[in-house]
Amino acid sequence: MTSPAPLVDQFQRRITYLRLSVTDRCDLRCAYCMPERMTFLPKKDVLTLDEMHDLALGFIARGITKIRLTGGEPLVRRDMIELVQALGRRIGADDGRGHLEELTLTTNGTRLSEFAEPLYAAGVRRINVSLDTLDRDGFAKLTRRDSLPQVLEGLAAAKAAGLKVKLNTVALKGINEHEIADLIAWAHGQGFEATLIEVMPLGEVEEDRIDHYLPLVAVQDDLARRWTMTPSGHRTGGPARYWDVAETGGRLGLITPLTNNFCEGCNRIRVTATGQLYACLGGSEQVDLRAALRSDDPETALTEALDLAMRIKPARHNFAIDQRGAAPALPRHMSMTGG
C-alpha cells in the first residue's frame, strides 16, 4: 500500500503543523480581537467533533505531526475534551497511518482549572495561554469581562497538572506597554515562558488598531536596556524567535508579523471550525474541506483539496498597519480563523 504524499507547497516548504479551530465562540471580548456584539457562526455551519477527528486523521496521514487546537476559546465547546482524547491516541502511534509528535492548545485560561488535568491525561504537555495584563481593572477593560481571577486559577491548575505554559501577550501601545517587563518577570518566576505578539489587522473592531500598534523592535530595545538578552536557538515549529533572559532565568519569544516577516520557513496551515482551510493567516486563499468531508467520496475529495491547498499557499502574508482608518488586512476576525 502506497503511503499518501506529504504536504509540500509550491515553494518546497514541508507542511507539518496544523492549527485547527474547534469553535469561533469565546467567553471574552478582547477589544483588539472582536467587537462586543460579536456575531458568531450558526452551529449548523460548524464541523461536528467527529468530522474534525476525521479531518485531523487525514492531515496526519499526509505528514502533519503537530496539531494545535484553537478557537475562539476551544474549551467553551461542549465535549471538546473527547476530541483531545481521540487525537492524543495518535501521539507516537506506529501503525503506518502517520502519527503526532505533539498535541497542543491555545486558550484564554478561563476554564483551565476544570480542564488542566484532563488535558494532561489525554497527552497534551504544553499549552499557550493568552494574557495581556495582570491588572484586574485593566483586564476587565481590555477583555470586557472581569475574569482575571479565573485565569490565574487556571494557570495555577495547569502548573499543578504538569503542563508547560507559555503566556502569549499582545503588545498594545497605551494599554499594557508599561507593564510588559513586569508581566514577563512574573511569568518567568512562575516557570512559564513568555511571548510577545504584535497586534494583527484581522476583522473590524471598534477602535483603530494603529492607535495601539506597538512595534516589538521598540519593546525589545527597551527590554535590552533592562536585561541581558541572548539569542536562543530554541524552536517550537511556530513563528516566534526566542531570547534567553539572564536576570529572570526564562525564555522570551517575539512574534513580529509586521516589523519582521517570518514567512520564509512557514510550515503551517489553518482550518476554521467550519472546515475552511486557510493556507496563510494573512491571505484570502482558502479551500473548502467541509464540502470534501461531506461528499460522496470524502477520502478522494480530501486528498484533492489538500493538494490544491499546497498549490495556492502564498510565499508570504501582506499584513500592514500603516495609516489611520485603513480597513483591516482581512475582514475575518482572528476568532473565526483560529488563533
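Listing for the model above:
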{"read-out": "Residues located in the stretch 34-61, provided they are within 25 Å of LEU103 (Cα to Cα) and either crowded, with 22+ Cβ neighbours inside 10 Å or aliphatic (A, V, I, L, M) (or both)", "value": "VAL46, LEU47, LEU49, MET52, LEU55, ALA56, LEU57, PHE59, ILE60, ALA61"}
{"read-out": "Within the stretch 123-162, considering residues that are of a type in the set (Lys, Arg) and outside any helix (DSSP H, G or I), the one least open to solvent (accessible area, probe 1.4 Å)", "value": "ARG126"}
{"read-out": "Qualifying residue in the stretch 62-74 (condition: more than 20 Å from PHE192 (Cα to Cα), assigned to a loop (DSSP other than H, G, I, E, B) and among the β-branched types (Val, Ile, Thr))", "value": "yes"}
{"read-out": "GLY250 within 17 Å of ILE184 (Cβ to Cβ), open to solvent by less than 20 Å² (accessible area, probe 1.4 Å) and modelled with pLDDT of 95 or more", "value": "yes"}
{"read-out": "Of all residues making up the stretch 218-244, the number that are open to solvent by 60 Å² or more (accessible area, probe 1.4 Å), outside any loop (DSSP other than H, G, I, E, B) and within 23 Å of ARG268 (Cβ to Cβ)", "value": "2"}
{"read-out": "Residue that is open to solvent by 10 Å² or more (accessible area, probe 1.4 Å), more than 18 Å from the chain's Cα centre (by Cα) and of a type outside the set (Asp, Glu), where the choices are ARG29, ARG14, ARG25", "value": "ARG14"}
{"read-out": "Counted residues, the stretch 75-106 - those being open to solvent by less than 40 Å² (accessible area, probe 1.4 Å), in a helix (DSSP H, G or I) and closer than 11 Å to VAL124 by Cβ", "value": "4"}
{"read-out": "Odd one out for SER284, checked against (1) modelled with pLDDT of 80 or more; (2) among the small types (Gly, Ala, Ser); (3) open to solvent by 60 Å² or more (accessible area, probe 1.4 Å)", "value": "(1)"}
{"read-out": "Residue match in the stretch 299-306 (condition: more than 15 Å from the chain's Cα centre (by Cα), buried (at least 19 other Cβ atoms within 10 Å of the Cβ), of a type in the set (S, T, N, Q) and modelled with pLDDT of 95 or more)", "value": "no"}
{"read-out": "Check on LEU41, touching a helix residue (DSSP H, G or I) at 6+ places or on another chain (Cβ under 9 Å) and either more than 25 Å from PHE115 (Cα to Cα) or outside any strand (DSSP E or B) (or both)", "value": "yes"}
{"read-out": "Options ALA326, ALA291, ALA320, ALA279: the member that is at pLDDT 85 or above, surrounded by fewer than 17 Cβ atoms within 10 Å (Cβ to Cβ) and of a type in the set (A, V, I, L, M, F, W, C)", "value": "ALA291"}
{"read-out": "Matching residues in the stretch 163-184 - criterion: being out of contact with any Lys or Arg (no Cβ under 7 Å at 6 or more places or on another chain) and either open to solvent by 40 Å² or more (accessible area, probe 1.4 Å) or of a type in the set (Phe, Trp, Tyr) (or both)", "value": "LYS173, GLY174, ILE175, GLU177, HIS178, ASP182"}
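The values are calculated or read from the model by the stated rules, or taken from the named source; none is laboratory data. Being a predicted model, the structure only gives us computed values, none of them experimental. A quick note on method: Cβ atoms are made from the backbone with ideal geometry, for glycine too, and the neighbour counts reach across all protein chains shown. Only protein heavy atoms, including side chains, enter the accessible area calculation; ligands, DNA and RNA are left aside. Shrake-Rupley method; radii C 1.70, N 1.55, O 1.52, S 1.80 Å.
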